[in-house]
């Protein structure tokens, strides 16, 4: 009878491999820990987005445009059209904000398409033992985005409706002022649910995708090629869809903050 020890050792090694790839490079502990890898890749991809857009803007031409300008214009037209459908108000910030959110989150999500062992392996040569390269699989990053969106929602709600109007909305909707405690409770739950659902939706989908790539990497090489390719192609749809959903929900929440204009 074959010994169970080799199988147990193999399972333990696989478990360590998974845990290793899901562990952030960080400093500090607990609530005060800082995920250096998530911050690094988030900032680097943000700078990449700014750099590409600045490059295209400075070299934009009305003559025959190049491939990169065509690509950027295609993304802009798509985002601008989506914003116009969901945001029937005048605000010069919303469309650029939507463009930034869509492209930045897409770039962070797209890091999931980098082979799971490549960058951690390269980092190991400079003494970095842990490295997560997909910022959107870090709940701290997704919550940072969602909380930033809610700050804008509150800002524009107060700007459009006034402080008193915004307070009246909390106290008088949906049951009238006589039931203001119930209104306050329901509005508080709704207000908290928005950033939580916004952050966890993106985090959960990207974390699951990353985990599947890690599990595929544990398979024999021929199965990695057989399964990894189709999953990567399908995952392109997921990373694009998640960036689009986050962008559209942001636009919808900002539109709700402007609804007072109709009254």
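Read the figures in this text as sums done on the coordinates, not as results from a lab. Please read all numbers here as calculations on a predicted model, not as lab measurements. With ideal geometry, Cβ positions are generated from the backbone for all residues, glycine too; neighbour counts draw on all protein chains shown.
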Original post:
Simple spin-label model, 7 Å along Cα-to-Cβ: residue 93 to residue 31 in nm?
Top reply: 2.9 nm
Subject >> Relative contact order of the chain, defined on C-alpha pairs under 8 angstrom at six or more residues apart (%) >> reply: 27 percent
Original post:
Relative to the first principal axis of the alpha-carbon coordinates of the chain, what is the inclination of helix 67-86, with its axis defined by its Cα atoms, in degrees from 0 to 90 and to the nearest 10?
Top reply: 50 degrees
Subject >> Cα-based Kirkwood hydrodynamic radius, the stretch 131-240, one decimal, Å >> reply: 17.0 Å
**OP:** Using the number of other C-beta atoms within 10 angstrom as an exposure proxy, rank 138, 63, 29 with the fewest first.
**Re:** 63, 29, 138
Subject >> Hull-based mean projected area of the stretch 1-142, where the convex hull spans the alpha carbons, in square nanometres >> reply: 14.8 nm²
**OP:** Starting with the fewest neighbours, write out 74, 53, 111, 247 ranked by other beta-carbon atoms found within 10 Å of each beta-carbon.
**Re:** 74, 53, 111, 247
Subject >> With Cα atoms, 0 to 90° folded angle of helix 221-257 axis to the chain main axis >> reply: 10 degrees
Original post:
Relative to the first principal axis of the alpha-carbon coordinates of the chain, what is the inclination of helix 36-58, with its axis defined by its Cα atoms, in degrees from 0 to 90 and to the nearest 10?
Top reply: 60 degrees
